[in-house]
1. Tell me yes or no: at least one residue of segment 21-36 is in contact with a helix residue (DSSP H, G or I) (Cβ under 9 Å, 6 or more places away or on another chain) and basic (Lys, Arg).
2. Filter segment 54-76 down to residues that are at pLDDT below 85 and small (Gly, Ala, Ser) and give me whichever is nearest to Gly35 (Cα to Cα).
3. How many of the residues in segment 1-14 are in a strand (DSSP E or B) and touching a residue at least 24 places away in the same chain (Cβ under 8 Å)?
4. Being in a helix (DSSP H, G or I) and surrounded by fewer than 10 Cβ atoms within 10 Å (Cβ to Cβ) is the filter here, so list the residues in segment 15-38 that pass it.
5. List every residue pair whose Cβ atoms lie under 6 Å apart, where the two residues are 6 or more positions apart in sequence or sit on different chains, the first residue falls within segment 26-40 and is closer than 16 Å to Val52 by Cα and modelled with pLDDT of 80 or more, and the second residue, located anywhere, is part of a strand (DSSP E or B) and of a type in the set (D, E, K, R).
6. Please tell me if Gly12 is out of contact with any helix residue (DSSP H, G or I) (no Cβ under 8 Å at 6 or more places or on another chain), surrounded by 10 or more Cβ atoms within 10 Å (Cβ to Cβ) and either at positive phi or modelled with pLDDT under 80 (or both).
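The values are calculated or read from the model by the stated rules, or taken from the named source; none is laboratory data. These numbers were taken from a predicted model, which means no experiment stands behind them. Here the Cβ positions follow ideal geometry from the backbone for every residue, glycine too, while neighbour counts run over all protein chains shown.
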Amino acid sequence: MHVKVKKQNSDGIVRLETSGNLKEVIIKGDLLSPGGNSVALCFKGKSSSGIVELDLAEIRMLSREVEPALNMMQASKVISSEKQSPRKKK
């Protein structure tokens, strides 16, 4: 997982970039308050860690955007571009 964050503070814009492995996915759900459902992606790297929390609307939007691209990549085929040796004329 690769994370890039840009934040504005009193000194200007601060950019943070880190990477790590996805360690845990936590699904938070409340039967009494279905609007508060969320998914937390927990990651840990060599010198960093964090949690990316997405609500239900963000998960649905992510699914709508990613699913067609994944389907297209699975349906594609790689064609070899090696040069054929020329045939000798008789």
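1. Taking every residue of segment 21-36 in turn, at least one turns out to be in contact with a helix residue (DSSP H, G or I) (Cβ under 9 Å, 6 or more places away or on another chain) and basic (Lys, Arg).
2. Going residue by residue through segment 54-76, those that are at pLDDT below 85 are 70-76.
Checking the rest, the ones that are also small (Gly, Ala, Ser) come to 75-76.
Values: Ala75: 36, Ser76: 38 Å.
Filtering segment 54-76 for residues that are at pLDDT below 85 and small (Gly, Ala, Ser), the one nearest to Gly35 (Cα to Cα) comes out as Ala75.
3. 1
4. Scanning segment 15-38 gives Pro34, Gly35.
5. Final answer for the pair search is Ser38/Lys28; Ser38/Glu53; Ser38/Asp55; Ala40/Glu53.
6. Details: out of contact with any helix residue (DSSP H, G or I) (no Cβ under 8 Å at 6 or more places or on another chain): yes; surrounded by 10 or more Cβ atoms within 10 Å (Cβ to Cβ): no; either at positive phi or modelled with pLDDT under 80 (or both): yes.
It is false that Gly12 is out of contact with any helix residue (DSSP H, G or I) (no Cβ under 8 Å at 6 or more places or on another chain), surrounded by 10 or more Cβ atoms within 10 Å (Cβ to Cβ) and either at positive phi or modelled with pLDDT under 80 (or both).
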